[in-house]
Amino acid sequence: MRSGLAEKLLVKTMDWPPDVISRQRPLLQALANFKYDEYQQFSPGIRFIESLVKWLTQFEELEERKTAYNFIINHLVFISNDQMAHLVNITYADKINPIVIDKTSRAIKINPFWVRKIVKSAHYRVILRRSLFIGLSDGSRIDQLRRSFSRISNEQVLATYTISDDKVNDMLEELKKSGVKSKFNTVFLIDDFTASGTSYFRKSGENWGGKIYKFINSVFILKSEISNLMQEGEILDIHIIFYIATVDAMDKLAINIKEFQAENPECNFQFSIEAIQVIGSEIKTQILEDTLFVDLIRKYYDDDINDSHYKMGKHDEPYLGFNECCLPLVLNHNTPNNSLPILWFPDDKKYKGLFPRVTRHKDE
């Protein structure tokens, strides 16, 4: 659909008079050009304006279309590729470096505010070199994070915690060559986004699961290859860093990890959880207060998405998204299922999403 035709159809769909057209057209064009057109899951030939027209026409009443449109203009949060890259680039300065500085100041017993003296010290170099950086998914952009700070060696960065004995030996050999005689004692687990925390650390019945659990399990219980990188006899420092996370997810992760530690005292580690961009609970509150919009998303909900994976979270009100997170969030590469389903319904469902989502986990 050509953009000019799409704009004419949008005007007709929304029944806009000339004065409204003059205000909304430049706004939509700016949103499309600066952000929304870069969404990677649009079908070939489709961009934001075309998708918006298709999305709005499925609402039966004009007032419903107005409610939906106002929500997009006033509440939608779209994280662009440039914005995500910026979050990655400031991660070392904002989150990692303060941790290394604090560890160094305690090791050499000086005031942590003496930053220049600390970062120039040999202790700082050793503590940083004994830190391992692990990406928990493709979204971690772990390669970009490494390039953002030149003092991080390629031999202390992993795209996954599943590695071979040869890789372990190579990394330990490089550690020795750098003048460090000990193994790693600090791990930074990096990923892009979490809204519920479920995919990282969860308990189902008596069993634990999730990406962070699998890492800890590999090191302390299974003692797989990666455990050979860790210094025996020392408490392992685990620092979990997300580029974007909700307050609820961070709180839930902390509770679950502490419960796991209580059940498994032989797992000798301490942890922290940080996020560069924190999403507060007030976003969900604002959406739920908009009763017209809540009625809309309840009416236009396709229960076909409510499969076994979706039901792993709270789902009494599934139209609020996975685990009822109720987020108005779109990431440029895909829309999280924690966001409102009306935003991300795949193209093969009864209702169409404005930013259709590609789902990784499906029931057969």
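Confirm whether Leu87 is assigned to a helix (DSSP H, G or I), farther than 30 Å from Ile238 by Cβ and either touching a residue at least 12 places away in the same chain (Cβ under 8 Å) or out of contact with any strand residue (DSSP E or B) (no Cβ under 6 Å at 6 or more places or on another chain) (or both).
So Leu87 fails the test.
Criterion first (farther than 30 Å from Lys177 by Cβ, in contact with a Leu (Cβ under 7 Å, 6 or more places away or on another chain) and surrounded by fewer than 18 Cβ atoms within 10 Å (Cβ to Cβ)) does Val53 satisfy it?
Criteria not met by Val53.
Quick check on the range 30-62: of everything there that is free of Cβ contacts under 8 Å to residues at least 12 places away in the same chain and not hydrophobic (A, V, I, L, M, F, W, C), which residue is nearest to Trp344 (Cα to Cα)?
Ranking the candidates gives Asp37 first.
Among the residues that make up the range 318-326, is at least one of them of a type in the set (S, T, N, Q) and part of a loop (DSSP other than H, G, I, E, B)?
no
Identify the residue in the range 295-315 that is modelled with pLDDT of 95 or more and surrounded by fewer than 17 Cβ atoms within 10 Å (Cβ to Cβ) and, among all such residues, is farthest from Phe355 (Cα to Cα).
Per the criteria, the residue is Asp295.
Please tell me if Ile96 is in contact with a Ser or Thr (Cβ under 9 Å, 6 or more places away or on another chain) and in the same structural domain as Ser140 (by TED's automatic domain parsing).
yes
Among the candidates Pro328, Pro356, Pro318, single out the residue that is surrounded by 14 or more Cβ atoms within 10 Å (Cβ to Cβ) and outside the structural domain of Ser51 (by TED's automatic domain parsing).
Values: Pro328 fails: outside the structural domain of Ser51 (by TED's automatic domain parsing); Pro318 fails: outside the structural domain of Ser51 (by TED's automatic domain parsing).
Pro356 is the lone residue from the list that is surrounded by 14 or more Cβ atoms within 10 Å (Cβ to Cβ) and outside the structural domain of Ser51 (by TED's automatic domain parsing).
Yes or no: Arg146 out of contact with any helix residue (DSSP H, G or I) (no Cβ under 6 Å at 6 or more places or on another chain) and not aliphatic (A, V, I, L, M)?
It is true that Arg146 is out of contact with any helix residue (DSSP H, G or I) (no Cβ under 6 Å at 6 or more places or on another chain) and not aliphatic (A, V, I, L, M).
Does the range 172-195 include one or more residues that are more than 28 Å from Asn264 (Cα to Cα), basic (Lys, Arg) and within 25 Å of the chain's Cα centre (by Cα)?
no
With the structure loaded, tell me whether Arg116 is among the charged types (D, E, K, R) and not in a helix (DSSP H, G or I) or whether it fails that test.
Numbers: among the charged types (D, E, K, R): yes; not in a helix (DSSP H, G or I): no.
Considered against the rule, which asks whether it is among the charged types (D, E, K, R) and not in a helix (DSSP H, G or I), Arg116 comes out as no.
Name the residues in the range 28-55 that are of a type in the set (A, V, I, L, M), under 28 Å from the mean Cα position of the chain (by Cα) and either part of a helix (DSSP H, G or I) or not assigned by TED's automatic domain parsing to the domain that holds Pro336 (or both), would you? Before you say what the answer is, go through the steps one by one.
From the range 28-55, those of a type in the set (A, V, I, L, M) are 28, 30-32, 46, 49, 52-53; that's our starting set.
Going one step further and asking which of them are under 28 Å from the mean Cα position of the chain (by Cα), we end up with 28, 30-32, 46, 49, 52.
Leu28, Ala30, Leu31, Ala32, Ile49, Leu52, listed by residue number.
Taking the condition under 15 Å from Phe71 (Cβ atoms) and free of Cβ contacts under 8 Å to residues at least 40 places away in the same chain, does Tyr319 pass? It would help to see each step written out before you state the result.
Details: under 15 Å from Phe71 (Cβ atoms): yes; free of Cβ contacts under 8 Å to residues at least 40 places away in the same chain: yes.
Criteria met by Tyr319.
I need every pair where a residue in the range 331-343 that is farther than 20 Å from Leu288 by Cβ has its Cβ under 6 Å from the Cβ of a residue that is assigned to a helix (DSSP H, G or I) and among the acidic types (Asp, Glu), sequence separation at least 6 or different chains.
Short answer, once both residue conditions are applied: Asn332/Glu38.
Of the conditions (1) charged (D, E, K, R); (2) touching a residue at least 60 places away in the same chain (Cβ under 8 Å); (3) surrounded by fewer than 18 Cβ atoms within 10 Å (Cβ to Cβ), Lys349 satisfies every one except a single condition; which number is it?
It is condition (2) that Lys349 fails.
The values are calculated or read from the model by the stated rules, or taken from the named source; none is laboratory data. Note that this is a predicted model, so its numbers are computed, not measured. Counting neighbours? That spans all protein chains shown, and the Cβs are built from the backbone with ideal geometry, glycine included.
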